[in-house]
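Written out below as structure tokens is the structure these notes cover.
Every number here is computed from the coordinates shown, using simple stated rules; none is lab data. Small disclaimer: the values here were computed from a predicted structure and weren't measured. Ideal geometry is used to build each Cβ from the backbone, glycine not excepted, and the neighbour counts take in all protein chains shown.
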Amino acid sequence: MISAEVYKIVHLVGVMMVFLSLGGVATNAINGGLKNHLWRKPIAITHGLGLVLSLVGGFGLLARLGIVQGGLPGWVWVKLGIWIMFAILIGVVSRKPGWARSIWPLIIILGAMAAYLAGSKPF
């Protein structure tokens, strides 16, 4: 049986991978970088794997802590919405590089919201 601590580590590593990849793509776009650069595929793999790890680790942690009994609380649904936005943002930044400067603070705000929801579990 996997412990809650292992699920938490898996979740956080996944989150770090998502932020790393979004930061790389956004920085490339802000600096007028090429769409077909050498690191495009590794960044996309890091992003996708990070999304999977954060989802698996998050749901594993919810199950281990007994939070999912009787349905998901509202804060989990909001975090899933944030997860979907992180999944979409890499494509937005890649296809609309002019938006990268505006999306940069959005990434930080979404991360802060997700951290707040996980820490306080307000609803």
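For the reader, a short list of remarks on this structure follows.
- Net dipole in debye of the stretch 1-105 [+1 Lys, Arg Cβ; -1 Asp, Glu Cβ; about Cα centre; nearest 20]: 340 debye
- Distance from the C-alpha centroid of the stretch 73-123 to that of the stretch 1-61: 13 Å, rounded to the whole angstrom.
- A protection proxy built from the mean count of other Cβ atoms within 10 Å ranks the segments 95-108, 73-86, 50-63, most packed first, as 50-63, 73-86, 95-108.
- Among the lysines of the stretch 1-108, pairs that are 8 or more positions apart or on different chains and have alpha carbons within less than 26 Å of each other number 4.
- Take 29-40, 13-24, 109-120 and order them by the average number of nearby Cβ atoms within 10 Å per residue, most first; the result is 13-24, 109-120, 29-40.
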